[in-house]
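Working notes, structure below.
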Amino acid sequence: PGTSFEYRVLANNSVGVSGWSNLASNTTNQSAPLDFTISRNPVSGSAQRGNSVSTTVTATHNSGTSSAVAFTVTNLSAGVSALFSPTSCAPASGSSCSSTLTLSASSGATLVSNQSVIITGTGTVVRNVNYNLSVLSLTVPNSPSDLNVTPVSSIQLRLNWKDNSDNEMNFRVE
């Protein structure tokens with residue numbers, strides 16, 4: 001970077017050689033373009049229809065001058081939308097910047113298991129990373145079991161039970 005060069009040109013054929021052209025010079029750019037990698041954490045997730053799942057997408061500066069990296073997503077199944085916050089970031093020299101990707105599955109989203117969603121970071125180069133997305137059907141939660149009641153004091157009882165589902169929003173005690 002920052003090196004000066006001078007050039008001139010001549011023409012030749014079977015009859016002879018021309019004179020030299022004018023002299024032209026230029027200097028290479030002082031700084032190299034940004035080179036970066038992208039990663040995501042976690043690397044996979046599941047969203048039930050009507051819900052969403054998030055991952056953090058990180059752009060890490062490898063070399064060159066810091067500049068913006070814009071994020072996009074492709075290969076989404078029908079009924080799934082994507083939102084980055086923020087939509088771009090600029091990793092400073094020797095560091096990283098992040099964006100939160102939220103994938104939302106509509107109530108009619110196509111059910112998929114470990115679909116490879118492609119996350120793209122575009123700056124002076126283009127980098128891709130995959131995220132494995134599953135869209136699940138919302139089902140009735142499994143019933144809790146093993147309910148027991150333990151006295152804590154003369155006016156207080158403690159209730160404990162086994163949670164047999166992973167899709168409940170809350171519990172109701174009667």
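The values are calculated or read from the model by the stated rules, or taken from the named source; none is laboratory data. No experiment lies behind these values; they were computed from the predicted model shown. Reconstructed Cβ throughout: ideal geometry from the backbone, glycine too, with neighbour counts over all protein chains shown. What goes into the accessible areas is simple: the full protein's heavy atoms, side chains included, and nothing from ligands, DNA or RNA. Shrake-Rupley method; radii C 1.70, N 1.55, O 1.52, S 1.80 Å.
Of all residues in the stretch 136-174, those that are small (Gly, Ala, Ser) and under 18 Å from residue 47 (Cα atoms) total 2.
Note on the stretch 69-86: residues that are open to solvent by 60 Å² or more (accessible area, probe 1.4 Å) and not polar (S, T, N, Q) amount to 3. Of all residues in the stretch 74-93, those satisfying the criterion of being in a strand (DSSP E or B) and either of a type in the set (S, T, N, Q) or over 26 Å from residue 33 (Cβ atoms) (or both) are 74, 80, 81, 82, 83, 85, 88.
Within the stretch 87-110, is there a residue that is touching a Lys or Arg at 6+ places or on another chain (Cβ under 6 Å), open to solvent by less than 50 Å² (accessible area, probe 1.4 Å) and either within 30 Å of residue 160 (Cβ to Cβ) or of a type in the set (A, V, I, L, M, F, W, C) (or both)? Checked against the condition, which is being touching a Lys or Arg at 6+ places or on another chain (Cβ under 6 Å), open to solvent by less than 50 Å² (accessible area, probe 1.4 Å) and either within 30 Å of residue 160 (Cβ to Cβ) or of a type in the set (A, V, I, L, M, F, W, C) (or both), the stretch 87-110 yields at least one hit.
Can you tell me which residue is nearest to the chain's Cα centre (by Cα) among those in the stretch 44-71 that are in a strand (DSSP E or B) and aliphatic (A, V, I, L, M)?
57
Against the list (1) surrounded by fewer than 16 Cβ atoms within 10 Å (Cβ to Cβ); (2) within 30 Å of residue 167 (Cα to Cα), the condition residue 124 fails is (2). If you check 21, 14 for being open to solvent by less than 70 Å² (accessible area, probe 1.4 Å), in a loop (DSSP other than H, G, I, E, B) and farther than 30 Å from residue 139 by Cα, only one passes: 21. If we keep just the residues of the stretch 131-174 that are open to solvent by less than 60 Å² (accessible area, probe 1.4 Å), hydroxyl-bearing (Ser, Thr, Tyr) and closer than 25 Å to residue 115 by Cα, which is farthest from the chain's Cα centre (by Cα)? Among those that are open to solvent by less than 60 Å² (accessible area, probe 1.4 Å), hydroxyl-bearing (Ser, Thr, Tyr) and closer than 25 Å to residue 115 by Cα, it is 165.
State all residues of the stretch 135-152 that are in contact with a Lys or Arg (Cβ under 6 Å, 6 or more places away or on another chain) and free of Cβ contacts under 8 Å to residues at least 12 places away in the same chain; if no residue qualifies, say none. Passing the criteria: 150, 152.
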